[in-house]
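Asker: Questions regarding the structure given below will be posed in turn.
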Amino acid sequence: MSTDMNAFRDEVRAFVQQALPQGVRDKIRLGLEPSKAEVQAWQGALAQRGWLVPNWPTEWSGPGWSEEQRAIFNDELVLGNAPESGGIAIGMVGPILIRYGTPAQQQYFLPRILNQEHWWCQGYSEPNAGSDLASLKTRAERRVNAAGREVYVVNGSKIWTSGAQHADWMFCLVRTDASGRPQEGISCLLIDMKAPGVSVRPIQGIHGWSLFNQVFFDEVEVPVDNLVGEESAGWTIAKSLLEHERLNLARVAENRRRLEKVRQLGQTLQEAGVPL
């Protein structure tokens, strides 16, 4: 690694050490769930430093880092026991809106992601459409509502929706056409989680966190302006978001931290007088 990259790593490490409250650091180290307020405060510190959106272009407040710098940044946050920052809004939805969103969508949503006014969740998996995403059944019908506005009316359910209980908006896959190949009838909608007809049921995991949720849509009206890309052409956009998701879910630094914790336990715990 170059001297410049070593200096950058030192800079990030020093920032985490100085800016992250010890109480939050201890929570993450012990596997406890940080509160939304704690995550927001940490993301506020990152934003003040100009480091909140490392994977966004400079025209949208990104720092202009190389891939190597972004990897180092992520390493040092994880190894410093910082809360996972950005999540779906910064890591996935933002880049998708930058690439596929209309100018109006970009101007409205991106600043609100940056200032943490909007938290997001991702509506992909369904009770009978997980790994086989093309079989999703949540449907969106284009209608004119009672006020004379053209809307999509959404009915169905999403499951394993991370952070839905905290989210203000959902990036959601819906079926707008069932006449052709399954992949050809999918669209991407931006859904207000406070809209009438949206309900959220948390699912408690074995670790005690309610990370996942099931979300229900009952005649939910979504303005047609909240369509991302073309109608029934959302499969490409959906795959593009998954590129960001799969990279994030690799959690290389997180697994390094966990492995180090196991090694430390193995050095202190014994069986028949022999360290594990």
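The values are calculated or read from the model by the stated rules, or taken from the named source; none is laboratory data. Keep in mind it's a predicted model, so treat the numbers as computed, not measured. No Cβ is skipped: glycine too gets one built from the backbone with ideal geometry, and neighbour counts run over all protein chains shown. The accessibility values were calculated without ligands, DNA or RNA, using every heavy atom of the protein model including side chains. Shrake-Rupley method; radii C 1.70, N 1.55, O 1.52, S 1.80 Å.
Asker: What does the charge dipole of the stretch 130-241 about its Cα centre add up to, to the nearest 20 debye, if the Cβ of each Lys and Arg holds +1 and the Cβ of each Asp and Glu holds -1?
Answerer: Once rounded to the nearest 20, the dipole reads 280 debye.
Asker: Return, for the Cα atoms of the stretch 156-242, the radius of gyration and Dmax in Å, separated by a comma.
Answerer: Expressed in Å, the Cα Rg and Dmax of the stretch 156-242 come to 13.9, 43.
Asker: Going highest first, how would you order 91-97, 39-45, 65-71, 53-59 by mean Cβ packing within 10 Å?
Answerer: The densest-packed peptide leads the list: 91-97, 39-45, 53-59, 65-71.
Asker: Report, to one decimal in Å, the Kirkwood hydrodynamic radius for the stretch 43-202 based on all distinct Cα pairs. Provide the component values of the computation, followed by the final result.
Answerer: Details: mean 1/r = 0.0575 Å⁻¹.
That comes to 17.4 Å for the stretch 43-202.
Asker: Tell me, what % of the accessible area of the stretch 57-178 is carbon and sulfur with a 1.4 angstrom probe?
Answerer: 48 percent
Asker: Ok, one more. Which three extents, in whole angstrom, do the alpha-carbon atoms of the stretch 81-142 cover along their principal axes, largest first?
Answerer: If we take the Cα atoms of the stretch 81-142, the spans are 39, 35, 19 Å.
Asker: Still on this structure: In square angstrom, what is the accessible area per residue of the stretch 130-225 with a 1.4 angstrom probe?
Answerer: Accessible area per residue: 50 Å².
Asker: Any idea what the alpha-carbon Rg over 2.2 N^0.38 Å comes to for the chain? Intermediate values should be presented prior to the final figure.
Answerer: Values: Rg = 20.8 Å, N = 276, 2.2 N^0.38 = 18.6 Å.
Computed over Cα atoms of the chain, the ratio equals 1.12.
Asker: Which of the pairs Lys36/Lys137; Lys239/Lys261; Lys137/Lys239; Lys194/Lys239; Lys158/Lys261; Lys27/Lys158 have their Cα atoms more than 24 Å apart in this structure?
Answerer: From Lys36/Lys137; Lys239/Lys261; Lys137/Lys239; Lys194/Lys239; Lys158/Lys261; Lys27/Lys158, over 24 Å: Lys36/Lys137; Lys239/Lys261; Lys194/Lys239; Lys158/Lys261; Lys27/Lys158.
Asker: Can I ask one more? For labels at Asp132 and Thr102 in the simple 7 Å Cα→Cβ model, what's the distance in nm?
Answerer: Calculated label separation equals 3.5 nm.
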